[in-house]
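Data first, discussion second: the structure below is written as structure tokens.
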Amino acid sequence: MIVAENLTKRYGDKTAVDGVSFTVAPGRVTGFLGPNGAGKSTTMRMIVGLDRPTAGRVTVGGQDYRRLRSPLTEVGVLLDAKAIHTGRSARNHLRAMAATHGIGAQRVDEVIELTGIGAVAGKRAGGFSLGMGQRLGIAAALLGDPHTLILDEPVNGLDPEGVRWVRQFVRHLAGEGRTVLLSSHLMSEMSQTADHVIVLGRGRVLADAPLPELVRTWTTTTLLVRSPRLSDLVTALEIPDATISAVEPGAAQITGITPETVGDIAAAHGIPLYELSPRVGSLEDAYLALTDDSVEYKTKEIA
């Protein structure tokens, strides 16, 4: 379990993390989201002792990371896949890490095969592609078979097979009761992977909730309706809170009303329906609505 309590980090007059509190519980995948500059990377660095908090504290398994006697076997970390000795082979890089904790060569071979880098394990890590570097970083994080896993953008550069493997593997680890904190900007992937989501914006927690609850709270369900008597249906649906907008001839989008109500009203007026489809908002929709005022580096929209 990871517990942050009023975690704060300032760099001069810049507050990167501002009184952040959250709990990453075991047994589920917790997604860690936020725009660039939101404080995610700084928070993760403080979790593993690379940055010292200005105020507050964060513990892993009830302890300060710096006090862990065997960090690799307690916490697996991928923050920067390029943090390797570029002149070493992948296997020797992992062996050097393993030697610091008395981890045997057999475990090194296991994580090499597990992450699919067996064919290049003897090659210099500095020549790896982005995807292979990510796989090596994940192998390093798994080396000590840790109870807690912290991965920052682990699918960056991976091919579809690798992305699916990461998704299935972290869910498997969570299913074993381990603690998994996963950061990513890929909302579609996060929606398939995370059980719970923490969203940061400008250094503060904007949301901390189960993923379905977050989507339900920050999105609106839209109904797509098709009917040969659409104008009659629109007239019949002129009730408070219902908003109707035309999509194309014979079709409209409706919000503020349930599909059951639309169906009942259409039946009562003898209006045939060719389609009545609820379209539920996505994690991406919820994320964009939630962080709209917290984007520090906002691009110009294309008209």
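Considering Ile138, Ile112, Ile117, the condition of being under 30 Å from Arg10 (Cα atoms) and either touching a Cys at 6+ places or on another chain (Cβ under 8 Å) or among the β-branched types (Val, Ile, Thr) (or both) is satisfied by Ile138 alone. The residue that is farthest from Gln168 (Cα to Cα), among those in the range 14-47 that are crowded, with 20+ Cβ neighbours inside 10 Å and among the β-branched types (Val, Ile, Thr), is Val17. Residues in the range 109-156 that are under 18 Å from Arg167 (Cβ atoms), part of a helix (DSSP H, G or I) and small (Gly, Ala, Ser): Gly131, Gly137, Ala139, Ala141.
Residue-by-condition table, conditions (1) buried (at least 19 other Cβ atoms within 10 Å of the Cβ); (2) farther than 16 Å from Gly144 by Cα; (3) basic (Lys, Arg):
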| site | (1), (2), (3) |
| --- | --- |
| Gly56 | no, yes, no |
| Thr59 | no, yes, no |
| Gly62 | no, yes, no |
| Arg66 | no, yes, yes |
| Arg69 | no, no, yes |
| Glu74 | no, no, no |
| Ala96 | no, no, no |
| Thr100 | no, no, no |
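Checking each residue in the range 235-256 for being surrounded by 15 or more Cβ atoms within 10 Å (Cβ to Cβ), within 40 Å of the chain's Cα centre (by Cα) and not in a strand (DSSP E or B) picks out Leu237, Ala242, Gly250, Gly256.
Of the residues in the range 196-217, at least one is of a type in the set (Lys, Arg) and surrounded by fewer than 16 Cβ atoms within 10 Å (Cβ to Cβ). In the range 136-162, of all residues being farther than 20 Å from Ile84 by Cβ and surrounded by fewer than 21 Cβ atoms within 10 Å (Cβ to Cβ), the one that is farthest from the chain's Cα centre (by Cα) corresponds to Asp145.
The strands (runs of 3 or more DSSP E) located wholly in the range 172-229 that include 1 or more residues which are among the acidic types (Asp, Glu) and either closer than 21 Å to Met1 by Cβ or at pLDDT 95 or above (or both) occupy 204-210.
Does any residue of the range 22-40 turn out to be over 26 Å from Gln134 (Cα atoms) and either out of contact with any His (no Cβ under 9 Å at 6 or more places or on another chain) or modelled with pLDDT of 95 or more (or both)? Checked the range 22-40: at least one residue is over 26 Å from Gln134 (Cα atoms) and either out of contact with any His (no Cβ under 9 Å at 6 or more places or on another chain) or modelled with pLDDT of 95 or more (or both). Just the residues that are in contact with a His (Cβ under 7 Å, 6 or more places away or on another chain) and either of a type in the set (A, V, I, L, M, F, W, C) or under 26 Å from Gly34 (Cα atoms) (or both), please, taken from the range 210-256. Once the filter is applied, which keeps residues that are in contact with a His (Cβ under 7 Å, 6 or more places away or on another chain) and either of a type in the set (A, V, I, L, M, F, W, C) or under 26 Å from Gly34 (Cα atoms) (or both), the range 210-256 yields Pro210, Leu211, Ala236.
Each residue in the range 170-186 was checked for being surrounded by 18 or more Cβ atoms within 10 Å (Cβ to Cβ) and either in contact with a Leu (Cβ under 8 Å, 6 or more places away or on another chain) or within 22 Å of Ala83 (Cβ to Cβ) (or both), and 9 of them qualify. Residue check: Asp80 meets all listed conditions (1) buried (at least 18 other Cβ atoms within 10 Å of the Cβ); (2) under 19 Å from Ile112 (Cα atoms); (3) touching a residue at least 60 places away in the same chain (Cβ under 8 Å) but one, namely (1). Residue pairs whose Cβ atoms lie under 8 Å apart, sitting 6 or more positions apart in sequence or on different chains, and linking a residue in the range 257-271 that is of a type in the set (A, V, I, L, M, F, W, C) to a partner that is surrounded by fewer than 13 Cβ atoms within 10 Å (Cβ to Cβ), are Ile257/Ile239; Ile257/Asp241; Ala266/Pro272. Could you check the range 135-149 and list, in sequence order, the residues that are in contact with an Asp or Glu (Cβ under 7 Å, 6 or more places away or on another chain) and among the β-branched types (Val, Ile, Thr)? The one that is in contact with an Asp or Glu (Cβ under 7 Å, 6 or more places away or on another chain) and among the β-branched types (Val, Ile, Thr): Thr148.
Note on the range 8-53: residues that are closer than 22 Å to Asp195 by Cβ and assigned to a strand (DSSP E or B) amount to 11. The numbered conditions (1) closer than 15 Å to Gly31 by Cβ; (2) acidic (Asp, Glu); (3) surrounded by fewer than 17 Cβ atoms within 10 Å (Cβ to Cβ) are all true for Glu189 except (3).
The values are calculated or read from the model by the stated rules, or taken from the named source; none is laboratory data. Predicted model only: the values in this text are computed from it and were never measured. Because the Cβ atoms are built from the backbone with ideal geometry, glycine has one as well, and the counts that use them run over all protein chains shown.
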